[in-house]
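Here's the structure, in structure tokens; my notes come after.
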Amino acid sequence: MLSLGLILIACIYFPGIIVKVKAIFSGRKGPGILQPWLDIFRLLKKGSVYSTSSSFIFQIGAPIYFSTVVIAALFVPFEENAALFSFTGDFVLFAYLLGLGRFLIILSALDVSSGFEGMGANREAFYSMLIEPAFFILLGALAMFTGYTSFHDIFANLHYDNYFSIIIAVLAGYILANITLVETSRLPVDDPLTHLELTMVHEVMVLDHSGFDLAIIKTANNIKFVLFSTLSANCFIPQSMDLSVRIGIFLVLQVVFATGIGWLESFRARNKMAMNAQYILSVSAIAVILIFVVIIIKNRI
Amino acid sequence: MFIILFKSALLISFGIFIVPKQWKYTLALLLNILLVISTGNWAVDVLMNGTRTIALDISTWSGPVQLEIDQLSAYFILIIDMICFCGILYAGGYLRPYLPKKRSVFISLHLFSYVWLHGAMLLVTSLRDGIAFLLAWELMSLFSFVLVIFEAQKESTLKTGINYLLQMHLGFALIMIGFLIAANQTSELSFAGVAKYFERLDNAPLFLLFFAGFGIKAGFIPLHSWLPRAHPAAPSHVSGVMSGVMIKMGIYGIFRMVSLIQNDLMIIGIVVLAIGVISGLMGVIMAIMQHDLKKLLAYHSIENIGIIGMGIGVGILGRAVGDDALMILGLAGALLHNVNHALFKSLLFFTAGNVYYATHSVNMDNLGGLVKGMRYSSGAFLIGALAISGIPPFNGFISEFLIYSGVLHHLPQASFWMSLVAVTTTLGLVLIGGLCIYCFTKAFGMTFLGTRRQTQHPIVSEVPPIMLLPAGLLISAILAIGFGASFFGNLMLTILGQLTSVSSAKFSADLLQSLSMVSNINILLVIVIVVVYAVKAWHQRGVEVKSGPTWGCGYTAGDYRHQYTPTSYADSLRQLVNPLIDYKRHYKSFGEKEIFPPPKSFETENKDLIEEKTVLSWVHLMVRYLPKAGIAQSGMINHYLIYPLLFLAILGLLTILNVI
């Protein structure tokens, strides 16, 4: 349960920091750290407009998307502190649960019969299909490295006992960071702030959502962000330290991640759409390299 | 008692030809229920108390034939009974518009073949004698052929049917040769003979022969080319049964052979796994390219057969390296995926049939927006689509999870090569899963969501309740597996325990705990969804809820033509996998001097490249060169008299040279 608490705490400031950092880099003062959440609260006060061509799929889409992310949050451990659910192969269910949410949000986008939203839905389905292998190969490599097969056991036993194994931490962190960016639709794959619908991915999918639906979708995105950054943090924090120190490091690391994303989004341009498939596949390729690193370290060759 | 029921059901089936037209369906339904009662009773008994044999009072020259039902047979019998029963229920509604149009004898022939297909599949799973098995296998192919050509007045349907019949006989020949090779060495034409052969001699050649023979029925790539033709041509209840259970008879045969093989495990495992991965990936990629809903589903059968093949391959490799967990979990995943695929695929075919019933089209380019008129059908299709994509809380996830856990179990101790196998399997499963989501968001979105992609908007209405009843039965089975995962996991371990005599005690506790956790999380997921939805409903009572046109990003004249189409949805993937498919565009571009351009058309075509390269290229070669043999057919009797003389001369020459 500790991990859930930490995730919730990080959720509070994580999205705000990204916005703030981007504002500072572009020479503005920027809103307060809590502004993204205040926006969500403001949405909750508003009513909803439903497209006349939408059906019950649109009504259930956003609630299911939100629910799957909430359940997925119950899977993510904080090092040796187990999450609520922990069993052999739990990360398979974790990934497939997110798949359920994605499926429904794509259908909601197709439900309103808009060409723009169809475009977003199509890209979301395509990119998430391409990034999925990276996550599984990464977890497979870590399972081989530690000899365990659940989130909790893997992260509880992730010791870097020799210097070579630091490579694993670096690669795993890099892969997870990229997965985070793709899964949460950030730069360089998708630009949440773009003002041209033709080049959006995630934002254009939820164009027709409003009020409560939009609020829970935004909340779910924020939670999803922190879920993946918590997974990356698990790869980095040394376990020999005191628990309170590690919690401190975790919270600081989240700030660092958020700043990093803000920095990245300020200085990097979005990929060309046609480049995205290559970019995402290269992440999976790096994951395959990670498998070979583990095989070499474990002397299996 | 039950054997009399079984036999009388098959005998009374001839009565379908005699009774008046309006009673034919009722009689067929009754006979199906008789078959379900008799065999279902045996199957449940076997699953609880162990193998039993039932005398049939028929004998071939190798002795009396008896039904021998072990747990594997019992499991397949239950799947067959379930799907065939749902199929005949569905036919009650689906055939109704055909009754006045079709002649009485065609209706009788169709229903008669349906009953006999059901009976033949039951016999295939329970006969061990070689002759009897092959006979039942042949009956199954013949009656399914009759079922496929129900709409034989269309030339394309008849052509497809003949294609199907030929391919099935190729498979039949391969299986027969397999049995004969074994009988030649052991003088026993039966599964027992094959078992003895496998104990004594090299396994790989004979197993791969059987694998090819059964693989044609199952639809492994590159033996799949009948599948995407026959399923769309057949009426929907037949496609549901064929895709749901009949292709599983191939898997049944492979499972039997897997339980018998003794050596060459490594090579067999690698081949089966490789074919499984290729079938899975190519099946789903080709599925995405289709715009015919039933053809899309047919390609998905290939994909799912690929997943089953991956499970079997992983299982054999597990046995080869002596890891019981990998072996049992891989096979268990494959076995459970059989029933899962039977359930959701027949559900999907039935609902695709509903679409055809309501709109007279399964071309997704003309569909869209059906959800408004057909709430229940679209709900059923959605559940099938989620289940086939392996998404929790439905059943498809459970079988894929079993294969994943087998691989994960093995990973910590894997050697270099086995870790490559593990990576390949995981990559295959993950990519198939992702592509499935891509494909079924397309299939569901283009068929049921948005607005109709046609100028006229004929109002669609829901199909009669009898066509929704089987969907309800299938959905409840799908949910039962999703929410009672540990029960079904345990069942698989029991069946495989009997089949392979390997104890699963070491890892079964861990596995069952995981599965019950999965089920519990599924329940929790449903609760959370209900709660969130309730909160939403409560929240919306307090705020203003309006409806308006879709936000067109500033453009206000958007209409149905601006929606995504099946082709455009598939296009981003098509660009990535272009070398794997034969993609063509047919259109005429605008000319320079066309000031007032006439109406233009644009058409895309995706041909199956694997079929082109592996099957059709040979056929084209034969079509080109075989007519040259016609030179011998001169039409003169004196030439024809020379041929036997020549034959005898060559025979004599060969004898002198000691060749024969």
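Taken over segment A:233-260, the criterion of being of a type in the set (Gly, Ala, Ser) and within 19 Å of the chain's Cα centre (by Cα) is satisfied by A:ALA233, A:ALA258, A:GLY260.
Against the numbered list (1) assigned to a helix (DSSP H, G or I); (2) buried (at least 24 other Cβ atoms within 10 Å of the Cβ); (3) of a type outside the set (D, E, K, R), B:ILE391 comes up short only at (1).
For A:ALA274, are the conditions met, namely being free of Cβ contacts under 8 Å to residues at least 24 places away in the same chain, of a type in the set (Gly, Ala, Ser) and within 14 Å of another protein chain (Cβ to nearest Cβ)? Judged against the criteria, A:ALA274 is a match.
Restrict the check to segment B:428-447 and report whether at least one residue is more than 7 Å from chain A (Cβ to nearest Cβ) and either hydroxyl-bearing (Ser, Thr, Tyr) or without any contact (Cβ under 8 Å) to a residue 24 or more places away in the chain (or both). Yes, because at least one residue in segment B:428-447 is more than 7 Å from chain A (Cβ to nearest Cβ) and either hydroxyl-bearing (Ser, Thr, Tyr) or without any contact (Cβ under 8 Å) to a residue 24 or more places away in the chain (or both). The conditions of being touching a Phe, Trp or Tyr at 6+ places or on another chain (Cβ under 9 Å), farther than 30 Å from B:GLY497 by Cβ and buried (at least 24 other Cβ atoms within 10 Å of the Cβ) are met by B:TYR94. Within segment A:209-232, is even one residue away from chain B (no Cβ under 12 Å) and outside any helix (DSSP H, G or I)? No, there is no match, as no residue in segment A:209-232 is away from chain B (no Cβ under 12 Å) and outside any helix (DSSP H, G or I).
All of B:LEU616, B:LEU654, B:LEU573 fail the test of being under 30 Å from B:MET282 (Cα atoms), more than 14 Å from every other protein chain (Cβ to nearest Cβ), surrounded by 10 or more Cβ atoms within 10 Å (Cβ to Cβ) and not charged (D, E, K, R), apart from B:LEU616. If the condition is being among the aliphatic types (A, V, I, L, M), buried (at least 18 other Cβ atoms within 10 Å of the Cβ) and within 17 Å of B:VAL615 (Cα to Cα), then segment B:157-175 contributes B:LEU165, B:MET168, B:LEU174. Would it be correct to say that B:PHE507 is at pLDDT 90 or above and more than 24 Å from the chain's Cα centre (by Cα)? When the stated conditions are applied, B:PHE507 does not pass them. Exactly one residue out of B:SER508, B:SER516 is within 13 Å of another protein chain (Cβ to nearest Cβ), of a type in the set (Gly, Ala, Ser), touching a Ser or Thr at 6+ places or on another chain (Cβ under 8 Å) and within 22 Å of A:VAL92 (Cα to Cα): that is B:SER516. When segment A:123-136 is filtered for residues that are touching a Phe, Trp or Tyr at 6+ places or on another chain (Cβ under 9 Å) and facing another protein chain (nearest Cβ under 7 Å), the ones remaining, listed by number, are A:ALA125, A:PHE126, A:SER128, A:MET129, A:PHE136. Considering B:VAL532, B:VAL543, the condition of being at the interface with another protein chain (Cβ under 9 Å from one of its Cβ atoms) and touching a Lys or Arg at 6+ places or on another chain (Cβ under 9 Å) is satisfied by B:VAL543 alone. Scanning segment B:546-570 for residues that are among the β-branched types (Val, Ile, Thr) and within 27 Å of A:TYR127 (Cβ to Cβ), which turns out farthest from the other protein chains (Cβ to nearest Cβ)? Checking each candidate, the answer is B:THR567.
Of the helices (runs of 4 or more DSSP H) lying entirely inside segment B:138-236, those carrying at least 3 residues that are in contact (Cβ under 8 Å) with a residue 40 or more places away in the chain and within 18 Å of the chain's Cα centre (by Cα) are B:155-186, B:204-218, B:227-233.
Yes or no, residue by residue, for (1) of a type outside the set (Gly, Ala, Ser); (2) under 25 Å from B:SER190 (Cα atoms):
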position: B:SER8; (1), (2): no, no
position: B:SER13; (1), (2): no, no
position: B:VAL19; (1), (2): yes, no
position: B:ILE58; (1), (2): yes, yes
position: B:PRO64; (1), (2): yes, yes
position: B:GLU68; (1), (2): yes, yes
position: B:ALA74; (1), (2): no, yes
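As a summary of the residue check, B:LEU408 satisfies the conditions (1) at the interface with chain A (Cβ under 8 Å from one of its Cβ atoms); (2) in contact (Cβ under 8 Å) with a residue 24 or more places away in the chain; (3) crowded, with 24+ Cβ neighbours inside 10 Å except for the one numbered (2).
Applying the criterion of at least 1 residues that are within 30 Å of B:PHE444 (Cα to Cα) and of a type in the set (S, T, N, Q) to the helices (runs of 4 or more DSSP H) found wholly in segment B:557-660 leaves B:566-576. Of all the residues in segment A:95-122, those that are modelled with pLDDT under 90, part of a helix (DSSP H, G or I), at the interface with chain B (Cβ under 7 Å from one of its Cβ atoms) and buried (at least 24 other Cβ atoms within 10 Å of the Cβ) number 2.
Among the residues of segment B:205-225, the ones that are at pLDDT below 90 and surrounded by fewer than 24 Cβ atoms within 10 Å (Cβ to Cβ) come to 2 in all. Here is a list of conditions, (1) more than 7 Å from every other protein chain (Cβ to nearest Cβ); (2) at pLDDT below 90, and B:GLY379 meets all of them except one; can you say which number that is? Condition not satisfied by B:GLY379: (2).
Residues in segment B:182-212 that are within 18 Å of B:VAL258 (Cβ to Cβ) and of a type in the set (Val, Ile, Thr): B:VAL194 only.
Of A:VAL204, A:VAL182, all but one fail to be surrounded by 21 or more Cβ atoms within 10 Å (Cβ to Cβ), in contact with an Asp or Glu (Cβ under 6 Å, 6 or more places away or on another chain) and outside any loop (DSSP other than H, G, I, E, B); the exception is A:VAL204.
Let's see how each residue does on (1) modelled with pLDDT of 90 or more; (2) assigned to a strand (DSSP E or B); (3) among the acidic types (Asp, Glu):
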{"residue": "B:ALA28", "(1), (2), (3)": "yes, no, no"}
{"residue": "B:ASN32", "(1), (2), (3)": "yes, no, no"}
{"residue": "B:ILE37", "(1), (2), (3)": "yes, no, no"}
{"residue": "B:GLY40", "(1), (2), (3)": "yes, no, no"}
{"residue": "B:THR53", "(1), (2), (3)": "no, yes, no"}
{"residue": "B:LEU72", "(1), (2), (3)": "yes, no, no"}
{"residue": "B:ILE77", "(1), (2), (3)": "yes, no, no"}
{"residue": "B:ASP81", "(1), (2), (3)": "yes, no, yes"}
{"residue": "B:GLY87", "(1), (2), (3)": "yes, no, no"}
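Selection of segment A:47-78 for residues being within 18 Å of the chain's Cα centre (by Cα) and either surrounded by fewer than 22 Cβ atoms within 10 Å (Cβ to Cβ) or β-branched (Val, Ile, Thr) (or both) yields A:ILE64, A:THR68, A:VAL69, A:VAL70, A:ILE71, A:LEU74, A:VAL76.
The values are calculated or read from the model by the stated rules, or taken from the named source; none is laboratory data. If you're wondering where the values come from, they're calculated on a predicted model, not measured in any experiment. Because the Cβ atoms are built from the backbone with ideal geometry, glycine has one as well, and the counts that use them run over all protein chains shown.
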